[in-house]
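To start, the structure under review is shown below, and the notes come after it.
The values are calculated or read from the model by the stated rules, or taken from the named source; none is laboratory data. Just so it is clear, the model here is predicted, and its values are computed rather than measured. A quick note on method: Cβ atoms are made from the backbone with ideal geometry, for glycine too, and the neighbour counts reach across all protein chains shown.
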Amino acid sequence: MKLATLLVLLLAVQTLGATTIRVVKGGTVAQAFARAQAGDTVHIAAGVYQETDLVIGVRCTVLGASGAVIDAHKRGSSVISVHADDVLIRGLTIRNVAVAYTEDNAAIKVYDRRRITIERCTVENGYFGIYLSKSEDCTIAYNVLRSSGKEESSTGNGIHLWTSRNILVEGNDVRGWRDGIYFEFVHHGTVLSNHSESNNRYGLHFMFSDSCSYKHNAFVNNGSGVAVMFTHEVYMEDNLFQDNWGDAAYGILLKEITRGHMVNCRFVRNSIAIHAEGATSILIEGCEFRYNGYAMRMMGNCIGNTIRNCVFDGNTFDVTTNSTTSLNTFHRNFWSAYEGYDLNKDGIGDVPHHPVRLYSMLVEQIPSSVMLMHSLFISILDVAEQVMPSVTPETFVDVSPRMRPPRSRP
Amino acid sequence: MIDITSLSKSFKHSHVLRDVNVHVPDHSVTAVIGPNGSGKTTFMKCILGLVRPDSGTISINGISAIGSAQGRRELGYMSQIAQYPDNLTPLDLFAMIERVRSTTSTRKTALIERFDLGPHLKKPMRALSGGTRQKVGAIIALMFEPRVLLLDEPTAGLDPISTGVLKDLIMDTRANGATVLITSHVLSEIQELADRAIFLHEGTKVFDGTVATLLAQTGDATLERSIATMMLDAQQKQRAS
Amino acid sequence: MIGKLLGFALKDIARSKWVLLYVFFFILLTEGLLRFTAGEAKTVVGLMNIVLLLIPLGASMFGTLHLHNSREFIELILTQPVRRSSVFAALWLGVVIPFLAAFTLGVGIPMAAHGLIADPTIVALMVSGNVLTIVFFALSFLVGIVIADKAMSMGVAFVMWLFFAVLYDGLILWVSVQYADYPLEEATIAMVVLNPVDLARIVVTLTSDHAALMGYTGAVFNQFFGTMRGILISAGSLVLWTAVPLWFAKRAFDKRDW
C-alpha cells in the first residue's frame, strides 16, 4: 500500500445541527471519530481501512456501508472502544483483532456505558468479539461473529458480557470462539434467536447471572456444549441443543441452578443432554431428548425438580443418578423404553416406569463397568431388573408415563 | 503285500485288536473273517491309516503305513457303507482323487462304462441310491490299478450285475499280482473269491492261512461250515479260560 | 496339496447354500439398519450387537457341525495318499475363507453403497467380525474333533459360545463389584483382552461416538489401545486364541480314529 497516494477525503455536511461525516476509501476512521460531535453520524464507505485502537468518544451513530472493513492486522489492542453512551454501531466489518493474553482485546469493547447498540456488524478472526463490561440497556443484534482460534487459550469469547444489566442479545450467529456467548454477573439479560456453533468450549456459558431468559437459540456442535452455573431464575424456552458430543460435552450443564424453568427445549445427539448438579426447584417441561448418550444425569444433590411432558426417545441412557433416592418428580413423560400397557386407553400407561437402568447405576458406582456397554450380559441383567427391581431407586419413577409423545408444539 | 506285527488297538476300555501278526502275500485274495465285533473293520482301517493303532507295525509293500501317507499311494479302498460328500458329483469325486494323487486314471472311463454309471455322473451324491454310490466307491477303489486293494463288504447293496462286474474286477486285480483284502458276510462270495483267510475273534487272530488249510483243519466240506466250527471252537476256548 | 484339497472343500461348501444365506442375511441386516435406524451411531451399535452375538455363535455351531457333516469327505480323503495335516488345513481354511468372504461382502456391499466403507468404526467392525470368525472356527474345530459325538459336541460348542459372549462379562462384573474399592481399569483391560468377543466389542465401541460416554475408563482403554504395547498385546491375545485351539485341534485330528 502506497501511503503517498492517500487522499484525505472527509466531507462534512451540516444538517439541522447534526453532522454526517463520511469516510471513503483513502480516508481514516480515526480522524472521523475524532471529528465527530455529539449526535453526529459517521458513514464509512466500502473499502478496507487498516486501523486499530479507534475510540468513539461522543454520542453518535456509526454506519458501515456494505464492504466497509476495518482490518487491525492483529496490532494494537481493541479495534473500537466505545467511551460514550447512546452509541449505535451498524454494518461494520472488523477483522484480525490482536491476540493478547493479559488484555481482553475485542473488536468492539464497551466499558461502563448505557444504551449502546451494536447491530449487523461482522467480526472476522477476533480475539474477543463484542465485549461489554459494567454496561446497561444495550442491544447486540444480528451480528455475525467468526473466529478461527484453534485452541481455547488463544481465543476469547464471541459475545462477552460482564457485570451488566438489561441487555438484549438477539439474532447473532457466533462460531469458532472459546465461548460463543459468555455472561458473568449479568442480570435481566435476554438472549433470543442466536445461533452458536462450533465454539471451542461452550456455546453459551453463564455464571451468577440471575433473571435472564433464553429463547429460540440453537447451540450446536460446541466443544463442551452449554454450561450454566450459580444462577437463580433462569428461563429457557425453545432452545436447541444438538451434536454437543465428546468426553466432557453437555447439551447443558446445570450447576447450582435454582428456580429455573425450561420449556420446549430440544436435545438431540448430545453425549449428555442435561447434567445436573445441585440443581433445585427447576421445572423441565415439554422438552425432547432424542438419541443422546445420557438424556439426564441427575446427581444426588438435585432436589425438588419436576420433569413432565417430556419425550425420551432413543437415548442410550434415559436417566442416571448416583443416588438411591430421588426427591425429584417425573410425570407424564413419554419414554420409548417403556414397555407397559394401557388397558383403559387414557393414553397413560397403567404401570409406572422406572427410567434408571440397573447398568447405569453400576456405571455411576463402578466406573470401570462402563466397559461392558453393549454387552449381551448387561442387556439380560437390565431386563431382569426391569421385571424384578432390586437395586434401581424405587423413587426414580414416572407413575404416569405416556403411551405416545405429547402433541408437538405448533 | 502287507506285513503286520504286534498290532493292538483299544477304544476306551475295550480291546479291539490284540497283538495281531499277519503276513498278506501278493497275488492273492485274503478274506478277513470273524463274527460281528471281532475287529475286522478296525483291522482294515488300521491298514488304511484311518485308525491309529496303539502299538505294532504295518507295512504296505515295505513302506510303513503308520503316520505316513506314502503307503497309501498304491492302495485302493472301498468302504462298508458308501458315504461321500453330499454336494459333490461322481465326476467331482473322481477329479478330486486324481488331483490329490497328481495322476489321471487311464481306467476311469472303462470302469464307468462297466458299472453303467454314465447317467449319474453329474448328479450330486446325495441324489444317488445306495447301490449307485457303492459303484462310485468301487470305481474310486479301482481306478488307479492298486497294488493293494482293501474291500469292506463291497457287494452290500449292489445289484447282481454290478456284483458280477466287481467280482471279475477283483479277480483281474489279483491276476495282476496285487494284494487283495476283503471282508464279507456273504460266505459264498468269499469261497468264490478268496484263496486265503484270516480269522479274527475278539480281536485276536485265530487262523491265518489258505482256505484249503482252513477246510482241512476243521474237516468241513464248505467254507461256511468250516467258519461255523471255528467260531464255536473259539467260544468254547473263551469259556474255558 | 492343501491348495488342491481346499479347492474341493470350497466347492463343497459353496454348494451348501449356507454361505449364500449368510451373505444375504448380512446384506439385509446392514441395509435394514442403515435405512431404518436413526443416525449412523445407532446403526453401528445395532450392527455391532448382532455381529458380536451371531458371528461367534454361527462359527461355533457351524464349525462343529461342519466337521461332523464332513466325515465322509474326511474319510474318503484320508484313504488317499495325503497327510492328515494337509487335510486338516484344507478343512479349516475351506470353511473359514467362505465365511470371511461372506461376512465381508454382506456388510461391505451395503456400507460401500452408502459410502461408509472407510468409516473407522465400520472398518473396526469388519476387522473384528473377521477376527472373531477366525477365532471361533478355531475353537469350534477343536470341539468338533475332540468330541466325536455330534450332539454332545454341538452342546459343548454352544456352552463355549455362551461363556465367551455372555457369562464372561458376568465374571468381569462380579470381579468389578467384589473389588469396587480398588482402581480396576488395568484389571478390566486384562480381562477384556483375554476374551476375543469383549476385545472386539471394546475396540469397535472406542472407535465409535460412544467412546465419549465411557469417561475416564474409556480414556484409559483408549490410551492402552493407542500404544504399540497395547496393540501387540491385543493382537497377541487374538493370535493365541486362534493358534492354540488350532494346534490342539490339529494334534487331535492327527491322532483321531475315523
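Annotation: of all residues in segment A:273-319 being buried (at least 17 other Cβ atoms within 10 Å of the Cβ), under 14 Å from residue A:256 (Cβ atoms) and of a type in the set (S, T, N, Q), the one that is farthest from the other protein chains (Cβ to nearest Cβ) is A:280. Find the residue count for segment A:245-272, including only residues that are away from every other protein chain (no Cβ under 14 Å) and among the polar types (S, T, N, Q). Looking only at that region, the number is 2. Of all residues in segment A:219-266, those that are of a type in the set (A, V, I, L, M, F, W, C) and under 22 Å from residue A:304 (Cα atoms) total 13.
Residues of segment B:103-137 being in a loop (DSSP other than H, G, I, E, B) and aliphatic (A, V, I, L, M), which ones? Talk me through it step by step, then tell me what you get.
If we filter segment B:103-137 for residues that are in a loop (DSSP other than H, G, I, E, B), which is where we start, we get B:103-107, B:115-117, B:121-124, B:128-129.
Within segment B:103-137, B:117, B:121, B:128 meet the criteria.
Looking at segment B:21-39, can you tell me whether even one residue there is buried (at least 18 other Cβ atoms within 10 Å of the Cβ), touching a Gly at 6+ places or on another chain (Cβ under 7 Å), among the β-branched types (Val, Ile, Thr) and assigned to a strand (DSSP E or B)? No, the conditions are met nowhere in segment B:21-39.
Specify which of the listed residues (C:167, C:232) is part of a helix (DSSP H, G or I), surrounded by fewer than 18 Cβ atoms within 10 Å (Cβ to Cβ), under 22 Å from the mean Cα position of the chain (by Cα) and within 9 Å of another protein chain (Cβ to nearest Cβ). Walk me through it before giving the result.
Values: C:232 fails: within 9 Å of another protein chain (Cβ to nearest Cβ).
After applying the criteria, what remains is C:167.
Residue count for segment A:71-104, restricted to those that are more than 14 Å from residue A:117 (Cα to Cα) and surrounded by fewer than 24 Cβ atoms within 10 Å (Cβ to Cβ): 16. For segment A:202-254, the set of residues classified as farther than 20 Å from residue A:162 by Cβ, in contact with a Gly (Cβ under 7 Å, 6 or more places away or on another chain), among the small types (Gly, Ala, Ser) and not in a loop (DSSP other than H, G, I, E, B) consists of A:225, A:251, listed by residue number.
Looking only at residues of segment C:55-83 that are of a type outside the set (Val, Ile, Thr) and in a loop (DSSP other than H, G, I, E, B), we find that the one that is farthest from the other protein chains (Cβ to nearest Cβ) is C:70. Contact map, segment C:112-127: residues that are surrounded by 15 or more Cβ atoms within 10 Å (Cβ to Cβ) paired with residues that are among the hydroxyl-bearing types (Ser, Thr, Tyr) and part of a loop (DSSP other than H, G, I, E, B), Cβ distance under 7 Å, separation 6+ or inter-chain. Pairs shown: C:121/C:208.
Taking every residue in segment C:210-227 that is more than 10 Å from every other protein chain (Cβ to nearest Cβ) and pairing it with any residue that is part of a helix (DSSP H, G or I), at least 6 positions away or on another chain, the pairs with Cβ-Cβ distances below 7 Å are C:224/C:189; C:224/C:230; C:225/C:203; C:225/C:206; C:225/C:231; C:225/C:234.
Within segment C:149-162, the set of residues being within 14 Å of another protein chain (Cβ to nearest Cβ) and exposed (fewer than 15 other Cβ atoms within 10 Å of the Cβ) comprises C:149 only.
Restricting to segment C:191-209, give me the number of residues that are within 7 Å of chain A (Cβ to nearest Cβ) and either over 17 Å from the mean Cα position of the chain (by Cα) or not hydrophobic (A, V, I, L, M, F, W, C) (or both).
First, pick out the residues of segment C:191-209 that are within 7 Å of chain A (Cβ to nearest Cβ): C:192, C:201-202, C:205, C:209.
From the residues that got through so far, the ones that are either over 17 Å from the mean Cα position of the chain (by Cα) or not hydrophobic (A, V, I, L, M, F, W, C) (or both) too are C:201, C:205, C:209.
The number of residues fulfilling the criteria is 3.
Within segment A:135-194, the set of residues being among the hydroxyl-bearing types (Ser, Thr, Tyr) and not in a strand (DSSP E or B) comprises A:135, A:142, A:147, A:148, A:153, A:154, A:155, A:193. For segment C:136-156, filtering for residues that are touching a helix residue (DSSP H, G or I) at 6+ places or on another chain (Cβ under 7 Å), in a helix (DSSP H, G or I), over 15 Å from residue C:55 (Cβ atoms) and among the aliphatic types (A, V, I, L, M) leaves 6. Among the numbered conditions (1) within 24 Å of the chain's Cα centre (by Cα); (2) within 19 Å of residue A:245 (Cα to Cα); (3) at the interface with chain A (Cβ under 8 Å from one of its Cβ atoms), the only one that residue C:188 does not meet is (2). Checking every residue in segment A:260-270 against the condition of being closer than 26 Å to residue C:46 by Cα, modelled with pLDDT under 90 and not hydrophobic (A, V, I, L, M, F, W, C) gives at least one match.
So that you can scan it fast, the table gives a plain yes or no per residue for (1) touching a strand residue (DSSP E or B) at 6+ places or on another chain (Cβ under 6 Å); (2) more than 7 Å from chain C (Cβ to nearest Cβ); (3) not in a loop (DSSP other than H, G, I, E, B):
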position	(1), (2), (3)
A:346	no, yes, no
A:360	yes, yes, yes
A:363	no, yes, yes
A:371	no, no, yes
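Hey, does segment B:43-57 have a residue that's crowded, with 17+ Cβ neighbours inside 10 Å, facing chain C (nearest Cβ under 10 Å) and free of Cβ contacts under 8 Å to residues at least 12 places away in the same chain? Within segment B:43-57, one or more residues are crowded, with 17+ Cβ neighbours inside 10 Å, facing chain C (nearest Cβ under 10 Å) and free of Cβ contacts under 8 Å to residues at least 12 places away in the same chain. Looking only at residues in segment B:72-98 that are within 8 Å of another protein chain (Cβ to nearest Cβ) and either touching a strand residue (DSSP E or B) at 6+ places or on another chain (Cβ under 6 Å) or without any contact (Cβ under 8 Å) to a residue 24 or more places away in the chain (or both), the one that is farthest from residue B:117 (Cα to Cα) is B:75. In the condition set (1) within 17 Å of residue A:364 (Cβ to Cβ); (2) surrounded by 24 or more Cβ atoms within 10 Å (Cβ to Cβ), residue A:228 is compliant with all but (1).
Report whether or not residue B:101 is touching a residue at least 60 places away in the same chain (Cβ under 8 Å) and among the charged types (D, E, K, R).
no
Just checking, which of C:6, C:29, C:20 is surrounded by fewer than 18 Cβ atoms within 10 Å (Cβ to Cβ), within 22 Å of the chain's Cα centre (by Cα) and part of a helix (DSSP H, G or I)?
When all the criteria are applied, what remains is C:20.
Filtering segment A:373-408 down to residues that are polar (S, T, N, Q) and assigned to a loop (DSSP other than H, G, I, E, B), which residue is farthest from the other protein chains (Cβ to nearest Cβ)?
Here the answer is A:400.
Tell me, which residue of segment B:58-71 that is in contact with a Pro (Cβ under 7 Å, 6 or more places away or on another chain) and within 11 Å of chain C (Cβ to nearest Cβ) is surrounded by the fewest Cβ atoms within 10 Å (Cβ to Cβ)?
Quick first cut of segment B:58-71, residues in contact with a Pro (Cβ under 7 Å, 6 or more places away or on another chain) only: B:66, B:69-70.
Next, from what is left, pick out any that are within 11 Å of chain C (Cβ to nearest Cβ): B:69-70.
Values: B:69: 19, B:70: 12.
Per the criteria, the residue is B:70.
Taking the criterion of being assigned to a helix (DSSP H, G or I) and modelled with pLDDT under 90, no residue of segment B:138-165 qualifies. Going by the conditions given, is residue B:107 of a type in the set (Lys, Arg), more than 13 Å from chain C (Cβ to nearest Cβ) and touching a strand residue (DSSP E or B) at 6+ places or on another chain (Cβ under 6 Å)? No. Summed over segment A:274-311, the residues that are among the polar types (S, T, N, Q) and part of a loop (DSSP other than H, G, I, E, B) give a count of 4.
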